[in-house]
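Structure first, then comments.
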């Protein structure tokens, strides 16, 4: 496929295309993991970040997920890394000009659990983005009241799940116009009586998920914005798996949203939508349950995107060190081939354990680049010997899509954010400063959040598309297809994927050196299609669905 | 004789084992001994190799890589140094650095270390040099040691390149030669599917499993044996113990202990074998060392508790069982033995707590509810009646469960009128089903509990008349209890004829074996 495509756009990247602007933006958040030296599994797994325009003022605000004390038998004085602020999730409002203000208290949102992930979607179709918080323990649903505040609707909506939920995916699986939720649950873990695992050198260490019973996920059907109905069994999705990431998309091109679930050390799921409320796991035959060598990998983060510009959704996921990250290429019918070997992604990820990830167009050249937020899951002997309290630190990575099926590892030259070693977990992507390129927010376990602003400073064109529902929210699941200079660019409106994080739902497409207006073909979440001509470049466009 | 001395003796007797390994085992700390040996002869490549492989096998990769580099300086023509260094580099994530070392090893061996070629090709493929990997794999396909694995790898490479038919051929060839390499069926399924053979793909998936292609890799096998220096001997020792050969088990576990004196598993298993061999003081010393050096290791506390129980020291046993449970609350045996010890010590709240926890861990074991109810009766009999009721609900047709309920409810003043009336009804029903002395006793107690003392007296006497085979102690106990309940006085303990329930017996050495 790549052999026949010319490389149309080759942009030179700035030496440090993403720069850390966290401090000047006023974001002073540090994650607290509650570790007390007992190697409790959840303490090194969180936590995430969400990008959302909660006040609909046109720019992206920031929701950061916090941890808590894990072991009720212990107090704050027992923890090894002390908290640097209140043990609550934080909501930061974007004031413009890259200034953020902590508005958690005035928003009346109290994310108090042991936080893992955050998911964003307008669940009651009032036009305002709501929040679903995945926890180790009871989850929470916070409805946006549209006046700058949120209310806890967990019980009212039947949205709770007391197990270890890592993330949740919002998608309208039955195309009824209401966003449903798929909760990705991990393993059955209890603090009391938790297993103690040991390293090869016989020292206490974190256990692998294989030490525990995997949990089943949960599908919640949205009943017209009033409450959720639990339909997991009815949908045929009761299979248990140690899930960490998930992404929705139309993988087989039938116009209905499917779901891919990345399991940690077990075969992944590809739930194909049967269009009657049921799903069938086709991952084995589709070639995405295990890698090409037949190994079930420790999948953490995941994303779906058209990396090779052939108009369908490919899959990428991050894994344990010595496993390599894996890229599956879609043939357009929902059958995939593990193409990692030819991409350089395998060799360069071999030494790292990846979590948050995402396909994004760093330099607006029309090809999807990649980031992996890295951090080990078992103690690194050298760091432990050096006295590092949480000895799981690794560098993050950035790859540029060369447009020929191969990636180029830019990590070594991409500046400080990719030189320092932290225990990174979450990664959310979005145009935080509304300048037409994608910025990144990373989270670190027992460390600070990082706002990385895109300063690629190239002259490539772009277009931003914001498909809106009748209520005014961004219509998640809308797929856009552009034909530009002989290339097909397919993107979708999504907040899902990555790891424990939620992205900017707007669709931002790099156009390379193209300079004129473009036409867009949209497929709305309910299946309707629409063609819009003459869209000016280098600006965002608000789009509404055609009249029924 | 101390354990250390025993270790020295055991290893001394075992002299003549493989070179290096035996020498290392003659010291109490294998790693220290290897370091000492190397320090004594720093230019001795064999000593470098021993320490390097030991470190590598224990995943101290940075140290191993340094030592392999040193070995290569001592023996520049020897292919094992770059080969094992490359393996260590790859295992530490340094794939790019591993490639030239594999290349060097393969070249130096004149192709004889075929595993180096196979690993080189794999690394090249992951690093994106598919052409070089393919050339090498084609060259290795006929090698008797690695040929099958090479065909499998070649199949994967061809599949990734989109050459489904060629990939299929290689994969089928590899699987025909080594059907146990069942992971490859996934790739074969993909190759068949790509070639349009969906039915064939489904058939391949039906045969898919987790087996990997095996290949001859003697150098890595030799290195890995160093990690077995304790785990290997431990597993062999356990096998010997299970087969009843305590002498061999002790010798093997002693070797495991010498190789890794910090391993709590080795210490516990060696202590168990010493205990079975009757060497209780040695076992005690070992377990004391364990719980002092690794105070959170629950099995250490548990097994130390068992030794106290064998020595008939229930109080110390209970303390140790409770320490074990503090660090691992899921140790069912510790809960059970702690409960029994507490009951023998008449520490009824502790007994009730431990039986309750044991029952929660093994809810399917109904017998635990009997013991829980007895212990609870001593603390607060109304709770015991509730527990007995729970047992009856599980086993509504079981006369033993009903008997327990009747006797506890009838002799518990706090159980309430409804419970006493239920007990009476149950005793009447049971007596209709089987008119035995036990049923008469049930009826007697239940009648007394609701104030029908005349009827109670009649049933009690009928039971006593029939219970001729009862031991004298039990007859006395029955008479004593009868004199209380027939006068409406509360009982001082639940009326259970099975004395074992009231006073669980201690563990014996026979139980442990």
Practice prompt. Can you tell me which of B:99-112, A:246-259 comes out highest on packing, and rank the rest after it, using the mean Cβ neighbours within 10 Å?
Written response: A:246-259, B:99-112
Worksheet item: Once you average over the residues of B:192-198, how many Cβ atoms of partner chains fall within 10 Å of each Cβ?
Response: 2
Practice prompt. Just rank A:81, A:509, A:463, A:371, fewest to most, by other beta-carbon atoms within 10 angstrom.
Written response: A:81, A:509, A:463, A:371
Worksheet entry | Degrees between helix B:399-410 axis and first principal axis of chain B (Cα, 0 to 90, nearest 10) | 60
Worksheet item: Relative contact order (percent) for chain B, with alpha-carbon contacts under 8 angstrom and 6 or more residues of separation?
Response: 7
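Classify the range A:97-150 as rounded, prolate or oblate from the Cα gyration tensor: take a ≥ b ≥ c as the square roots of its eigenvalues, call it rounded if a/c is under 1.5, otherwise prolate when a/b beats b/c and oblate if not. List each step's numbers first, then the result.
Working: a/c = 1.77, a/b = 1.19, b/c = 1.49.
Here the range A:97-150 falls in the oblate category.
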Discussion item. I'd like the projected area of the range A:90-190, averaged over all directions, using the convex hull of its alpha carbons. Report it in nm² with one decimal.
Written reply: 7.4
Worksheet item: For the range B:231-275, what class follows from the C-alpha gyration tensor (a ≥ b ≥ c being the square roots of its eigenvalues): rounded when a/c is under 1.5, otherwise prolate if a/b is larger than b/c, else oblate?
Response: prolate
Practice prompt. Tell me the Kirkwood hydrodynamic radius of the range A:172-272 in angstroms, computed as one over the mean inverse distance between distinct C-alpha pairs.
Written response: 15.4
Worksheet item: Mind checking the angle between helix B:45-57 and chain B's longest principal axis? C-alpha axes, 0 to 90 degrees, to the nearest 10.
Response: 50
Worksheet item: Which residues does a label at residue A:87 reach in the range A:116-150, if reach means a backbone N under 18 Å from a point 7 Å past the Cα toward the Cβ?
Response: A:116-117, A:134-140
Fill in: Rh (Kirkwood; distinct C-alpha pairs) - the range B:21-125, Å
14.0
Worksheet item: What angle do you read, to the nearest 10 degrees and between 0 and 90, between the alpha-carbon axis of helix B:298-310 and the longest principal axis of chain B?
Response: 50
Worksheet item: Taking a label point 7 Å from the Cα of residue B:465 along the Cα→Cβ vector, which residues of the range B:414-440 have an amide N closer than 13 Å to it?
Response: B:437
Worksheet entry | Fewest-first ranking of B:430, A:143, using other Cβ atoms within 10 Å as the exposure measure | B:430, A:143
Worksheet item: Efficiency by 1/(1 + (r/R0)^6): what FRET value for residue A:406 and residue A:95, r their Cβ-Cβ distance, R0 = 56 Å, to the nearest 0.05?
Response: 0.85
Worksheet item: According to a simple spin-label model (label point 7 Å from Cα along Cα-to-Cβ), what is the distance in nm between residue B:503 and residue B:382?
Response: 3.1
Item to complete: Ignore the peptide's own chain and count Cβ atoms of other chains within 10 Å of each Cβ in A:340-350; give me the average, rounded.
Response: 6
Response to the item:
Neighbour-count ranking for A:343, A:232 (other C-beta within 10 angstrom, fewest to most) reads A:232, A:343
Worksheet item: Once Rh is set to the Kirkwood radius over Cα pairs, what Stokes-Einstein translational diffusion coefficient, in µm²/s, holds for the protein assembly as shown at a temperature of 4 °C and a viscosity of 1.567 mPa s?
Response: 39
Discussion item. Sort A:50-56, B:477-483, A:219-225 by packing, meaning the average of other beta carbons within 10 Å per residue, with the highest value first.
Written reply: A:50-56, A:219-225, B:477-483
Worksheet item: For chain A, what relative contact order do you get, as a whole percent, if you take Cα pairs closer than 8 Å and at least 6 residues apart?
Response: 16
Discussion item. Ratio of alpha-carbon Rg to the 2.2 N^0.38 Å globular estimate for the range A:210-345, to two decimals, please.
Written reply: 1.05
Discussion item. Within 10 Å of each Cβ in B:58-64, how many Cβ atoms from other chains are there, averaged over the peptide?
Written reply: 3
Practice prompt. Over the range B:236-320, calculate the relative contact order: mean separation of alpha carbon pairs under 8 Å at least 6 apart, over the residue count, as a percent.
Written response: 19
Item to complete: Please list A:119-131, A:328-340 highest first by mean number of surrounding beta-carbon atoms within 10 Å per residue.
Response: A:119-131, A:328-340
Worksheet item: For chain A, what does the alpha-carbon gyration tensor say about shape, rounded, prolate or oblate, given a ≥ b ≥ c as the root eigenvalues, a/c under 1.5 as rounded, and a/b over b/c as prolate?
Response: rounded
Response to the item:
With 0.36 nm assigned to each residue of separation and the Cα-Cα distance removed, residue A:56 to residue A:389 gains 115.8 nm
Item to complete: Note the per residue figure in Å³ for the convex hull of the C-alpha positions in chain B.
Response: 211
Fill in: residue B:40-residue B:394 pseudo-label distance in nm [points 7 Å out on the Cα-to-Cβ vector]
6.2
Discussion item. Using only DSSP helix segments of four residues or longer, with each worth -39500 (n - 2.57), what per-residue ellipticity at 222 nm results for the protein assembly as shown after dividing by its residue count and rounding to 500?
Written reply: -11500 deg cm²/dmol
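Quick note: the coordinates plus some simple rules give every number you see, no bench work behind them. Bear in mind that the values here come from a model prediction, so they are computed numbers and not experimental data. Every residue, glycine among them, receives a Cβ derived from its backbone with ideal geometry; neighbour counts consider all protein chains shown.
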